Structure formats: C-alpha cells, structure tokens
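First the structure, in the form of structure tokens, and then the observations on it.
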Amino acid sequence: MDKVVVITGAASGIGKELALTFAREGAKVVIADLDLKAAQETALEIDPASQRALGIGMDVSNEEQVENGMARAVETFGRLDILVSNAGVQIVAPLVEFDFEKWRKLLSIHLDGAFLTTRAALRQMYRQNSGSVIYMGSVHSKEASPFKAPYVTAKHGLIGLAKVVAKEGAAHGVRANVICPGFVRTPLVEKQIPEQARALGISAADVVKTVMLRETVDGEFTTVQDVAEAALFLAAFPSNALTGQSIVVSHGWFMQ
Ligand code: NAD
C-alpha cells in the first residue's frame, strides 16, 4: 500500500496496532499522540531508520497543535491519503455525579479532536482529490451503557460527523466511515475493569463476564488485530459505494 496515513492516539492500544499494520502493508505512518515519547518510540519500532514512520506530539483537542502536526505530516511525506481519528479516553461515573469539567474534557478529545483533525486532513485530501477518513467509534456509537454518558454521546456524534464528511467529501474523492469495536483489552479498558467493579459492587471477573462480554456471541474480547483488519478494509475500499457507514466489529455484541 503506497499511502500516507495519520493515526491519532497511535502510541498505545488500537491506534498502535493500526500503525504497525498499515506500516506492514507498506504505508508511511504518522503516529500522532499526546504522549510524544511513546509516539516516537512507536515510530522507531516501525522503522528504526525513521524513513517511513514519524512520531509527533499532538493534543487532538488543541487547534494549534493539530494544525502544526498535520502540516508536519504532509511536509514530511508529501501527501495524506488516510486519516484515522482514533485518540480517545474513557471516564466512568453515574450521570448525576458527573463532573462538568470531565464531561467537557471527554467531549473535547473525542469530538473537537475528530473535527480538528478532519478539517486539516480534508484541506490536503481535497487538493489531491482523494482520501479516506476513518473514525474510531464504538459499539457505544449505537448502544448505551450506564455510567458512560459523555463517551456514548461522543461516540454517537462521530457517526453524524462521518455522514457529513461523506456527503461533502464525495465531490472531492473523499470517503468517511466509522469502525465500532466491542471491548478490546487495551489500557483504556484495563483501567475500567476495577472502576466498573467498584461502581457496580461486583468482582472484576464479573465485570468482564456479565458486563463487557455478556452480549457477545462467544464471550470473547475483540482484538486490536480485528480492528486493524477492519481499518485496512475500509482504507483500501476503492469507491464511494462504501461511505458514510459504520461497521460493528464486536463478536456479535449489538447486531444491526
Ligand atoms: P488507549 O488508552 O490504549 O490509547 C489511547 C491513546 O490516545 C493513548 O496513546 C493516549 O495517549 C492517546 N490520547 C489520549 N488523549 C489524547 C489527546 N487529547 N490527543 C492525542 N492523543 C491522545 O485506548 P484504546 O482502547 O486503544 O482506544 C483507542 C480508541 O478506540 C478510542 O477512541 C476508544 O474510545 C476506542 N475504542 C476502544 C475500545 C476498547 O475496548 N478498548 C472499544 C471501542 C472503541
């Protein structure tokens, strides 16, 4: 794959696996993450010669950092074919106790981050008359769980953004789609297990079995590799036949 891909939140978890997978397929990869050191380490892991991978520090909710980071990506590799807007956090609390600052922080990372990176990417993609934007949604883009009010709200919102990008981008050869993973054992989820156990008054093992995987067809976690396969498929899809859509990758949790 002779493409340039920018992946946000790519120093850990799903984003990191996507970076490794796209690089293995031959793409040049920009790892944009709040954690500059981890982003640089990931880039070196992909390409010790620093020719095909670039790690940059970027807070996706900061307009200036996004503009600078995206400009640097294009300067370095000459174009931009794929944006994966993946950076995200989870904050869990009952709605009646939800701290307003935390609500705003989560929405800002997920939604401002998706908007700002999309806007910068589209400017370049429109010049090239081609591009693919992939948002990391969640089953929570379609389904709710208690204690996750801002996360569920933000993840639903990404589907709306993807549909607008699909409509506006079509005339410029740009497609936009959403991947909606079920639970994946990344640091984001490992942190949630004891938090949910406390909130629900049950054991960590029961959080996994009766909350996270209860509605899957086989009691299995989705893997980072599963999500990477879905991203490759969407990135490689050759026409506007597949745009404005969201694909659930979840071992059958939430069938549409
Ligand atoms: P993770 O915690 O392993 O990785 C998230 C990465 O995002 C980290 O490297 C972190 O430094 C970075 N990040 C956080 N805030 C940032 C910011 N403001 N700017 C730039 N980077 C920032 O989490 P993950 O599980 O790999 O999650 C990645 C995405 O997948 C998120 O959008 C998450 O909501 C989504 N998702 C995860 C799961 C799951 O079960 N793990 C399921 C569905 C969707």
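The values are calculated or read from the model by the stated rules, or taken from the named source; none is laboratory data. None of these values were measured; they are calculated from a predicted model. Virtual Cβ from ideal backbone geometry, glycine too; neighbours counted across all protein chains shown. Note: accessible area is taken over every heavy atom of the protein model, side chains too, but ligands, DNA and RNA are not part of it. Shrake-Rupley method; radii C 1.70, N 1.55, O 1.52, S 1.80 Å.
General observations
- Qualifying residue in the stretch 117-128 (condition: more than 20 Å from residue 10 (Cβ to Cβ), near the ligand (Cβ under 10 Å from one of its atoms) and not basic (Lys, Arg)): no
- Residue selection: residue 182 satisfies the criterion of being touching a helix residue (DSSP H, G or I) at 6+ places or on another chain (Cβ under 6 Å), within 10 Å of the ligand (Cβ to nearest atom) and more than 18 Å from residue 85 (Cβ to Cβ).
- Neighbours by Cβ (under 7 Å, 6+ apart or cross-chain): first from the stretch 14-40, within 19 Å of residue 179 (Cα to Cα) and aromatic (Phe, Trp, Tyr); second open to solvent by less than 60 Å² (accessible area, probe 1.4 Å) and away from the ligand (no atom under 15 Å from the Cβ): 22/5
- Taking the stretch 159-175 as the range and being within 16 Å of the ligand (Cβ to nearest atom) and open to solvent by less than 10 Å² (accessible area, probe 1.4 Å) as the test, only 162 passes.
- Checking each residue of the stretch 24-46 against the condition of being in a strand (DSSP E or B), of a type in the set (A, V, I, L, M), away from the ligand (no atom under 11 Å from the Cβ) and open to solvent by less than 40 Å² (accessible area, probe 1.4 Å) gives at least one match.
- Among (1) farther than 17 Å from residue 14 by Cα; (2) under 20 Å from the mean Cα position of the chain (by Cα); (3) away from the ligand (no atom under 12 Å from the Cβ); (4) buried (at least 17 other Cβ atoms within 10 Å of the Cβ) - the single one residue 152 does not satisfy: (3)
- Only a single criterion out of (1) more than 13 Å from the ligand (Cβ to nearest atom); (2) under 18 Å from residue 230 (Cα atoms); (3) open to solvent by less than 40 Å² (accessible area, probe 1.4 Å) is not satisfied by residue 80, namely (2).
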